Amino acid sequence: MTPRDRRTVLALGMFDGSPRLSGRIEALLRRQRSFVARASAARLAAAIAALLAFTVVASISPRWISYAQLVVAKGGPKLTLSNVSPDAAHALYAASNDKDGFPILPPGRPGMAASYSNGPSGPAAHWRAQAQTMAAFARMLSVSALNAGRPVIDKTGLDGKYDFTIAYDTPQSGGDGPVPVANDPRPSIADAVEQQLGLRLVDTKQALDVIVVDRAERIPVEN
């Protein structure tokens, strides 16, 4: 079946601007603590329902998606299982850095923090994690600018929470992307993940069905 064969018009019931939707919104507003929201519930509900009234014409089309899998490297992980209590309050920030440039998190509290420094060999990143899952680490890698915007999916199979540090080079950006520093002793982020944590980033491509919005049209709603 081709994407064109699977084209569909999504006239979603919750976005049809109908009195039923308006009634649901009004009931929700009347449960709010705000006196203004309760007193103006009917008028606000009608206005919100009108704003949500549209028809979406969309198609389902296959797209090749590039992402990275975080897996255990040959030789096994180099991680320390955390003994931080799962009930401990989360550390919101690091007060300072240690002599090696890693953030110092409050002991006995889960958290993850980074520091960035400019040394003789150029800029570098130092991360410290306390009581963090591999899924959380994968999310951190996903938002890293050095990961080129690729999503990272945790495929390590490691279910625990771990304490670890990782340091890597952060090349200065040039017109065509990061510019490596000559004779820089620090590893790239991918090499650091493998050398320091015993994990690997494996480039992966997969064809996934993606909903493509072709057109969105407002539905006229009576005042």
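The values are calculated or read from the model by the stated rules, or taken from the named source; none is laboratory data. All values derive from a computational prediction rather than experimental measurement. All Cβ positions, glycine included, derive from the backbone under ideal geometry; neighbour counts span all protein chains shown.
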The residue from D209, D203 that alone is loosely packed, with under 13 Cβ neighbours inside 10 Å, at pLDDT below 85 and part of a strand (DSSP E or B) is D209
Restrict the check to segment 125-133 and report whether at least one residue is aromatic (F, W, Y), within 19 Å of L201 (Cβ to Cβ) and crowded, with 16+ Cβ neighbours inside 10 Å.
-> yes
Filter segment 84-122 down to residues that are touching a His at 6+ places or on another chain (Cβ under 8 Å) and either at pLDDT below 85 or among the hydroxyl-bearing types (S, T, Y) (or both), then give me how many there are.
-> 3
Could you give every pair whose Cβ atoms fall below 9 Å, whose first residue belongs to segment 89-112 and is within 20 Å of A124 (Cβ to Cβ), and whose second residue is of a type in the set (F, W, Y) and part of a loop (DSSP other than H, G, I, E, B), counting only separations of at least 6 or pairs across chains?
-> A94/F102; P103/Y93; L105/Y93
So A73 fits all but one of (1) out of contact with any Phe, Trp or Tyr (no Cβ under 9 Å at 6 or more places or on another chain); (2) modelled with pLDDT under 85; what number is the exception?
-> (2)
Is it fair to say D169 is at pLDDT below 95 and buried (at least 16 other Cβ atoms within 10 Å of the Cβ)?
-> yes
